[in-house]
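Notes follow once the structure below has been shown.
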């Protein structure tokens, strides 16, 4: 019985996402990916041209799942900045929560200097997140709803906080079982709410700021 090529491709992507996120690019073996997908290893070359192509396909697929929501945030410019940031944090948080593989791969890529992703893939896929943050910042500053801020610095703060929270969940779970945490870790929804207030307090126009800002 002939396999459905689209199904085979999807099964390989899902299997590879799980293995790449746990073992990294170098540690992942194509035979292990094929075995997990239940297909012949030759299918990796057939559908993706090899391990590198499969890796880039995995990143593209994971980002494609959230791309429409990110695009919607950039296009809908009517809500005030506070509401748009609330939605951005929810969208990113939901993306990383549903797909912890994406958080793990992003973290690994940053540690590796992006060595395994082409410029095109980094710009077309991972750049989608930064483009959304930047669009909200630029609009919010122009309206006087936010203080002037470096969009890249803000994006690093936001994504770094979310990725680390997701990536560190197994560690926190082990520490909790060993009764080594001084206090319970926050629930994810509470953590998102915390980030929202933290960022909006920090971006409030100077006249509304609760704390004095450091002079540059």
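Quick look at the numbers
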read-out: Within segment 74-93, tally of residues that are assigned to a helix (DSSP H, G or I) and in contact (Cβ under 8 Å) with a residue 12 or more places away in the chain; value: 13
read-out: Those residues of segment 16-31 which are free of Cβ contacts under 8 Å to residues at least 60 places away in the same chain, assigned to a helix (DSSP H, G or I) and in contact with a helix residue (DSSP H, G or I) (Cβ under 6 Å, 6 or more places away or on another chain), in sequence order; value: 16, 19, 30
read-out: Enumeration of residues in segment 33-57 that are assigned to a helix (DSSP H, G or I), surrounded by fewer than 16 Cβ atoms within 10 Å (Cβ to Cβ) and more than 22 Å from the chain's Cα centre (by Cα); value: 35, 36, 42, 45, 46
read-out: Enumeration of residues in segment 97-121 that are part of a loop (DSSP other than H, G, I, E, B), in contact (Cβ under 8 Å) with a residue 24 or more places away in the chain and closer than 15 Å to residue 52 by Cβ; value: 112, 116, 117, 118
read-out: So residue 140, is it touching a helix residue (DSSP H, G or I) at 6+ places or on another chain (Cβ under 9 Å) and within 25 Å of residue 27 (Cβ to Cβ); value: no
read-out: Output for segment 148-174, where each listed residue is farther than 20 Å from residue 126 by Cβ and under 16 Å from the mean Cα position of the chain (by Cα); value: 168, 169
read-out: Test: residue in segment 137-155 that is without any contact (Cβ under 8 Å) to a residue 60 or more places away in the chain and within 25 Å of residue 57 (Cβ to Cβ); value: yes
read-out: Residue count, segment 21-32 (criterion: within 13 Å of residue 99 (Cα to Cα) and surrounded by 15 or more Cβ atoms within 10 Å (Cβ to Cβ)); value: 1
read-out: Residue identified as more than 29 Å from residue 32 (Cα to Cα), surrounded by 16 or more Cβ atoms within 10 Å (Cβ to Cβ) and touching a helix residue (DSSP H, G or I) at 6+ places or on another chain (Cβ under 9 Å) among 96, 129; value: 129
read-out: Residue list for segment 146-164, filter: in a loop (DSSP other than H, G, I, E, B) and either crowded, with 18+ Cβ neighbours inside 10 Å or outside the structural domain of residue 90 (by TED's automatic domain parsing) (or both); value: 146
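The values are calculated or read from the model by the stated rules, or taken from the named source; none is laboratory data. Bear in mind that the values here come from a model prediction, so they are computed numbers and not experimental data. All Cβ positions, even for glycine, are placed from backbone atoms using ideal geometry, and neighbour counts span all protein chains on display.
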